[in-house]
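Asker: Would you mind keeping the following structure in view while I ask a few things?
Nothing in this text is a laboratory measurement; each read-out follows from the coordinates by a stated rule. Because the structure is predicted, anything quoted here is derived from the model rather than measured. Please note: Cβ atoms are built from the backbone with ideal geometry, for glycine as well, and neighbour counts cover all protein chains shown.
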Amino acid sequence: MNTIREYPAKFWLLFGGTFINRAATSLIWPFLTIFMKQQLEVALTTITLLFTIRSIAGFVSSSVVSPVMDRVGRKWVMVISTVAMGLILIAMANLTSLMAWAVLIGLYGAVSPMFQVGSSTMVADIIEDNDKRPEAYALIRMITNAGIAIGPAIGGLLIAVSFVMTYYVAAGVLLILAVLTIIYLPETLPQQANEDATAQSSSGSYREVLRDHLFTAMVGVYILALMAYGLMFILLPVYAVENFAIEEGQTGLIIMVNALMVVLLQYKMTQFTKRFRPLQMMALGTLLYAIGVGSVAWGRSLPAFMLSMVVVTTGELIINPTAMALAAELAPVKMRARYMGVFTLSFTIAAGIGPVIGGYLNDHIAPVAIWYGGAFIAALAASGFLVLARMRLADDAPSATVRPVTSSLAVNKRV
């Protein structure tokens, strides 16, 4: 009850909407690589290139839409995104050609980041206290993963009956969510931010974002970490099915391990990790990515792959809310959606590059090479975060004795 009273009602409305969104999309997406492989009968590299198309579309879309959110608000962009996702899933239900998949995957990639950017930005709008933001993002991640846990479990049952029916169910839930958002979720754009954005002649520019060298460097290294992390969700299911005769429905259990760990452990983990410097925690989390992804290479059974997911998820519990809270605090109020848009693009870019590298390693070297490559990328990212942490600590050293740290997430002292 204390946790409920700490946050306003509109945060909990966003909390519930996030759950519905993730549960609906997770009915389909964990099984999509398998479905496309069966329908199209093409090489895995070709399948992963479709995800690259999705990422490129998401990159362009987020770049355009984030400044719009800074000017006109978050809510209606999220509504449009949700309706569009539902309609695209209906259109996907009976696709059989590669070209059609390329078009619709691109469209889906264009609209899906809008909800994520809006949601992340709304959290920063609603929770103005920097001390409470890490836990707020942890709660959003908990409910996100509750949806991800429930979605594949229900989706696996529905897919056993009909893939087409599963698409229709997912689309129907998204359309209902759009109606609920219109009725119940208020706009959160700060009035001052709206006035500042409207007054700026270059309000759509990302120049100021790119000048924030700490932020851009953090996002760049974070992309590397997410490239390794994403292999567990996009390529591990098809790797397990094709190489170890694991049933398709059982691959959802691997993803469920991740989701349940986040639901059960994320909030407490974030309460602990926020005591430490963010970039050092991000380095630790990424090191666990390297260990977990690399361990898949030695797995031969479903329990082994689930154990690898446990290691990776432990890293995720450390790194993700820490990174989101750091991005939100670095963002000026008038450019909050742009900062969160660029941050969200890290997921999109990683999802477009990581699977292609993994698919190439699978097709041209060996399936097991996916995991050695992913471990190497994650190790590079961990090293990058350590370098950033040490550089920032060195910059702060001369003033360290002048003023004590008063905030649990004071960027000037803890980054």
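Asker: Hey, how many Å between the Cα centroid of the stretch 264-282 and the Cα centroid of the stretch 360-387?
Answerer: 25 Å
Asker: Let me ask another. Classify the stretch 2-414 from the C-alpha gyration tensor, please: rounded if a/c falls under 1.5, else prolate or oblate depending on whether a/b exceeds b/c.
Answerer: In terms of gyration-tensor shape, oblate.
Asker: From a point 7 Å beyond the Cα of Tyr168 in the direction of its Cβ, which residues of the stretch 63-100 have a backbone N at a distance under 13 Å?
Answerer: Counting backbone N atoms under 13 Å from the label point, the list is 90-91, 93-94.
Asker: Taking the Cα-to-Cβ direction at Ile4 and at Leu40 and moving 7 Å from each Cα, how far apart do the two end points lie in nm?
Answerer: 4.6 nm
Asker: Can you sort Ile28, Ile4, Ile90 so the residue with the fewest Cβ neighbours within 10 Å comes first?
Answerer: Ascending Cβ contact count within 10 Å gives the list Ile4, Ile90, Ile28.
Asker: Oh, and also: In sequence order, what are the phi-derived ³J(HN,Hα) couplings for the stretch 293-298 according to the Karplus relation 6.51 cos²θ - 1.76 cosθ + 1.60 with θ = phi - 60°, rounded to whole Hz, with x for glycine and proline?
Answerer: Each residue of the stretch 293-298 in turn: 5, x, 5, 4, 4, 9 Hz.
Asker: Quick check on the exposure proxy: order Tyr229, Tyr168 from fewest to most C-beta atoms within 10 angstrom.
Answerer: Result, fewest neighbours first: Tyr168, Tyr229.
Asker: Then there is this: Which of Trp29, Thr348, Leu326 sits closest to the plus end of the dipole of the chain, meaning its Cα is farthest towards the positive end, when Lys and Arg get +1 and Asp and Glu get -1 on the C-beta?
Answerer: Positive-most Cα among the choices belongs to Leu326.
Asker: Measuring from the lowest to the highest alpha carbon on each principal axis, how far does the stretch 37-191 reach, largest first, in angstroms?
Answerer: If we take the Cα atoms of the stretch 37-191, the spans are 51, 32, 28 Å.
Asker: In addition: Would you kindly state how much longer the chain becomes between Leu180 and Met391 on full extension, computed as 0.36 nm times their sequence separation minus their alpha carbon distance, in nm to one decimal?
Answerer: 71.3 nm
Asker: Springs between alpha-carbon atoms under 10 Å, Gaussian network over the chain: tell me which of Ala389, Ala160, Ala91 tops the mean-square fluctuations.
Answerer: Sorting by GNM fluctuation, first place goes to Ala160.
Asker: Hey, if you put +1 on the Cβ of every Lys and Arg and -1 on every Asp and Glu Cβ in the stretch 1-132, which of Met78, Ser62, Gln38 ends up farthest toward the positive end of that dipole?
Answerer: About the Cα centre, the residue reaching furthest to the positive side is Gln38.
Asker: Which residue, Gly156, Ile88, Leu174, has the largest displacement toward the positive end of the dipole of the stretch 2-414 when charges sit on each Cβ (Lys, Arg +1; Asp, Glu -1)?
Answerer: It is Leu174.
Asker: Only four residue types carry charge here, +1 at the Cβ of Lys and Arg and -1 at the Cβ of Asp and Glu. Report the dipole size of the stretch 2-414 about the Cα centre in Debye, rounded to the nearest 20.
Answerer: 680 debye
Asker: Counting only helical runs of four or more DSSP H residues, what would the 222 nm mean residue ellipticity of the chain come to if each run contributes -39,500 (n - 2.57) and the total is spread over all its residues?
Answerer: So the helix-based figure for the chain works out to -28000 deg cm²/dmol.
Asker: Count the net charge of all other residues whose Cβ sits under 12 Å from the Cβ of Met114, scoring Lys and Arg as +1 and Asp and Glu as -1.
Answerer: +2
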